Structure formats: C-alpha cells, structure tokens
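The numbers here are math on the coordinates, done by the rules we state, and not lab data. Values in this document were obtained by computation on a predicted structure and should not be read as measured data. Reconstructed Cβ throughout: ideal geometry from the backbone, glycine too, with neighbour counts over all protein chains shown.
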Amino acid sequence: MSETKSNEEKGKRNYRGAAWTTALGILIVIGIVVAVNVIAGFLNLRMDFTEDKIYTLSKGTKKILSELDTPVTIRYYVSADKSIQPADVQTMAPRVENFLMEYKKGSNGMVRVKKILVKPDSDEEDSANLDGIRPQGQVFSAEDPLYFGLAVQCLDQTESIPFIHPARETLLEYDVSRAITQVVNPELPKVAVMTSMQVAGGFGGAGGMMNFQQPPEQPWIFYRELSQDYQLEVLAPDVTEIPEDVKVLLVVHPFDVTQEGEKAIDQYLLKGGNVVAMVDPMFFHAQLLTPPQQNPMAPPQGGPAPSSTFERLFEAWGLEFDPGQVLADNRFRSPVGRGVVHPAVLTLTEDAISEEDVTTAQLQDVRMAMAGGFKGQPAEGLTMDVLLASSPESQFVTPGEAELGPGVQRLVEEFAPSGEVIPIAVRLHGKFKTAFPPEGDAGEKSDEEGAAVQGEGGNESDGDGGGGEGSVADGDAEEAGDESKKPLVEATGEGTLVLFSDVDFLFDRMVAQEQNILGQRVMIPLNQNLSLLQNIVEQLAGDEDLIAVRSRSSTRRPFTRINEIEAAAESQFQDKIKELEKEVQDAQTRLANLQGEKDASQQFVLSPEQQDVIENLNVLVADKNKELRQVRKDLRKDIDRLIAVFKGVNVFTIPIFVGLIGIAFALVRASKRAAR
C-alpha cells in the first residue's frame, strides 16, 4: 500500500515538474520573441511577409537612390498628440517612419530623414506650414489640427505630400520616390495631348463649345496625374505640326482627327517621335460627355462620337483595326451589376498582360470596356510587341450586341469563342514609312522646277548680268528653304508607337475613386490603368526608374478562376437554350402555317388546332424557363460553394497547420515518455 502511494506521489511530482518545465519553456520562447523584436526595433530590422513586398524598397527606388549625387532631406511631420490621431493614422504612422528609414539606409547617406512632432502654436507647426503640410480638419477643437505629411527637399527644390492618406498606403513608395526625382531633376519633359475632349478641364463642354454659365470642368484624373511629372500641352485634332520639343504625344480618341492631324502624327513618327494613341470601336462613356438634348428623339449633338480610328495611318503601319467590332472575352469578363457579368467589359490579369516588357511586367489588373482589337503584321522596318491580349475564349461582336441591358444575357448564352488570341494593345518600333507619299515622281518634278529656274535666270542675264546672278542666287535660296519645309518621305530616326484599342480605360470612372477624406479629395486607384499609362509615358520620355515602383500599387485580385468555372458551367446549358429557341420557333412556324390555311373570313378566329398549338407553346416556354432557372440556380450554388471553400482554406489553413504541428510534437513527446 505504501509502495503504491509512493508511486502516486512520484507521478504527481513528475507531472508538476513537467508542467513547470513546459511553462518555463513557454516563458523562454516568449522572452526570445520579445528580445528579437526589441533588438530588431533598435536596429531597425524588418521582415516583409506581404505578397508583393509592399514594405520593401523596389529595384526602381534603389536605382533612384543609388544615383543621387546631392543630399536629399525628408521631413516627416506628424502630430505630437496621439489622442487626436484617427485609428488608421495611429497604425500607419510608425510604418511610415520605418519605411522612410529604408530610404535612408538604401541611399548611402544621401537621404536624411527628420521626424518632426508638431504641436499647436509651435515652431514645428510653422515649419510644417512653410513646407506645404496642410492640417486636416479640426478633429476635436480649433487648437488641435491633425498633421501627417512629409516634405522632400534638395537644394532649393521642395516637393510636399500634404497629407499621407492611409487609403493610399500602397502608393506611399511611389509618392516618395516621385518626389525625390522631382526635386533632383526639376526640369520636366514636355508631353502633348491631342484631343478635342475637355481632358484638361476648364470652361466648355463636348465639342469645345464655351459655356461660362456652367462651372469649369475638372481635368481628367489621368491628366492631373501626368501634370505632376510633365509639362502638358493640349493640341487640336487639326494641328498641322507637332512641336519639336514634345517628348511624347498622346492621341486620345481621335474621332474628329483631320487629314492634317494625321499628317502631323505621320511626320512626327518619321522624325523619331514617340506616340501613344487610343482608338476605340465603342467609347462607352462618350454618352456621359454628350450634352442633353431638348428633343429626346433627336440624335446626340456636340459630343464625341462613340468610335474612332485613323483612316490612312493604320494601312501604313501594316495593322488592321475595325471600328465596327468590339472584343468580348469569357475568361476576362467583369461584373457590371447585381449578378450580371459582361464579356465585353474586361478585367485583364497577368495572363493577358505581357511579362516580358518592363512597362507591364508587374501589372496584374487592367480594366477595359468595349475595347477593340488589332490584326495584321507590322510594316517592313517595324517590330511589334504585344502588351495586352485576349484569351482564346474571345470573339468579336457588334457594338449593338455589346450594349449594356437585357441583351447581355443573350451575349453570354450565345457566346462562341474563336480560339484566337487578339492583341488589345501593341507597341511598334522602328523606321516608319509615310502614309502620305507625294503625288507623282518627286525626282522628275524637281528636275523640271530646276530647269525652269535656270531658264529664267538665263533670260535675265542677257539684259543685265548683275541682275541675272542675283536672281539665280535668290532662286537657289528659296529652293533650299522650300526643301527644308517639305514633308519627310523616309524616316530620319526610329520612332515608337503604342496603340490601345480602348479609350474608356482612361475615363475617370474606370480609373479611380475620389473620396473626401478629412476635407480633402483623395484619388484611390480602382485598378492599374493609370500605372499602365504612366509606365509607358515614362519609358518613352526616358525615365523608367519609377515603373517598378508604381506597378505595385494595386492589391486587387480578380477572381479569374471563378470566371473560368462560370463560363464552363454556362457552356453546359447552351444546348438547352438552343433547344428551347428551336422548339419555340417550330411552334410559331406551325401556328403561321395554320393561319395561312384558313379562309379570309376566319383570319381572326382561332381554330382548335391553333388553340392547341398556342397552349402547348405556352406550356413549353414555361417548362423550359423553369428548367433554365433551376440550372442557373445550381450554377450559382456551385459558385457560392467554391467561394466558401476558398474562404475556408484561407481562414482555417494556418490554424490547422499549427494544430497539426502541436499534435505531432505531443505524439513525439508521448512516445519518448513511453520509452522511458
């Protein structure tokens, strides 16, 4: 009995000892974790576990910092009183400070970071105001404005971010890196925008009609963003010459471009210029730019046309663009309403975006609406790179078939993939050939003109030798001057042309959402449309360092896998839809035949056979519609089940993984005890 009791006491002591050992082990682990965090904080060491490494400096930023030869100072302003800071600012403030320290470490001492705690009525507040850091609202009282911004200075150049909005956290690196490049290189390249639409804002509506009774229009978002990095100039579609100092020419929806405008583009490319052109078979948002009509039955007047193209330039470039064809793609289709997806509204993911080009390599979310497509091969002397392309699950439809409305479901149900990959955006590079060659033989014409001038000079020399010599000299000078003004026939340099088959992707509603945050309007990107345009302009303007920085700004992840499953499931009931339509058509044909067999006096009297046909037709339609509703309901259940599985995997994978590790350790420990 005493031996049993002794064994029980021994077992209890072992159990208590094991418990204390376990507790001590847990405390040691906690102590190690705390110590590691303290040391990492003291040494400013961080580990970035985000998917796109948004808290780690990109290669573009590192390159910008490595090329600095003049010290840059970043003054980081934040309110000293944390009680007035909103929760999102309190969370983001230390992240901003740590991120700026990454700039300091990566610059080899060329970037200095100063954190300034701002108090009301202090020298720090005066410094913030001088740097353009604007207080955001009166949070609790007039004496407690919120400061949360930074200023970047190099010599006498200063660029400010007046307020760091938490909603733009993924754009923080781009904003800071762009500010550094602006203060280091204050001379901005010149970019021209050829369009008749009010992309630059101001008074006037569609068609350029001035209306000072209305408030001035705001510039388009893409124009405002580009204006921060470039000198922008707007050119009319009938311009006869592109200024020589223009680094990049943007042509936006040339629905009214004249032949003179096309010639100007042609000559600019022959001189080695850079052009980014957006044509469109169906500029969907043009209806929002059209002034309302007094007569609703009258056609719209004064606004941009829905389609645009180049009549002669495409042929010279070797490409085909049909302004009467809209591209639809079942794989990249997008939701446009409650339970409605549209194959002609495209959400292009990395599968549709070139990974080989620096301007698109890091993009994964570009949205387009009613875009077209390009066909053909580039002309001799040009190379072509495809930047955006459809999937094989695409087809061309008419603009009428792509309209929003009840016809969308029909488009989805009758979708017939072509199996062909269609380029949506391409880049041509090389020596372009003119689309406007001179009429006749230029050589013969030149010889005839030379003979005429020589004959006139000879006649004058008979009467007055001095006068004749002077006339010949004047004629030669005029001829030389005319030669310098003659349009080019052959390229004098290698040009670059980037073509987009969509304009909607630049329209404000497709680009970003503007929110009023603490009294200030903030642009929050909806996708990477702006990044795509800015990347291309920066590459053509000669500055590529910011491309890799900006391309990480989007964290949106479209459900392309779900789109594929939806498309596959829908294809399964296409036969049922066609069967329904055929049976309805056969019944209507039978009804028409019966009607034709009757006497003229009985045309409006239904025979028993007709009554049976109509009754059967109604029953048929009702049954088939019921069957289709059930199929769609089953399809919706499958999609909801798939989403639930995805959510379950995301939520429970890590806990289950940790639990399995714990069970494994427990089993190993139990086996060791059993062995003892």
| field | Using a Förster distance of 22 Å, the FRET efficiency for A80-I39 (Cβ separation, nearest 0.05) | value | 0.20
| What percentages, rounded to whole numbers, describe P(r) for region 58-183 computed over all alpha carbon pairs with 5 Å bin width beginning at zero? | 2, 11, 22, 24, 19, 12, 7, 3, 1, 0
| field | Inter-site label distance for E413 and F436 at 7 Å from Cα along Cβ, in nm | value | 5.1
| request: Name the shape class, rounded, prolate or oblate, that the alpha-carbon gyration tensor gives for region 324-410, where a ≥ b ≥ c are the square roots of its eigenvalues, rounded holds for a/c under 1.5, and otherwise prolate holds if a/b is larger than b/c and oblate otherwise. | output: oblate
| query | In nm, to one decimal, how far is the D123 label point from the E67 one, both placed 7 Å along Cα→Cβ? | reply | 3.7
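Of the peptides 124-136, 243-255, how do they stack up when ordered by the mean number of other Cβ atoms within 10 Å, highest first?
243-255, 124-136
Provide the packing ranking of 277-284, 184-191, 168-175, i.e. peptides ordered by the mean count of other C-beta atoms within 10 Å per residue, highest first.
For the peptides 277-284, 184-191, 168-175, the packing ranking is 277-284, 168-175, 184-191.
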| Farthest toward positive dipole pole in region 54-170 [+1 Lys/Arg, -1 Asp/Glu at C-beta], among Q85, S107, Y147 | S107
| How far apart, in nm, are the 7 Å Cα→Cβ label points at E609 and L660? | 7.1
| task | Please give the length that would be gained between Q228 and T653 if that part of the chain were fully extended, namely 0.36 nm times their separation in residues minus their C-alpha to C-alpha distance (nm, one decimal). | result | 148.5 nm
| On full extension of the chain, what length is gained from T492 through E187, given 0.36 nm per residue of separation minus the C-alpha to C-alpha distance? | 107.1 nm
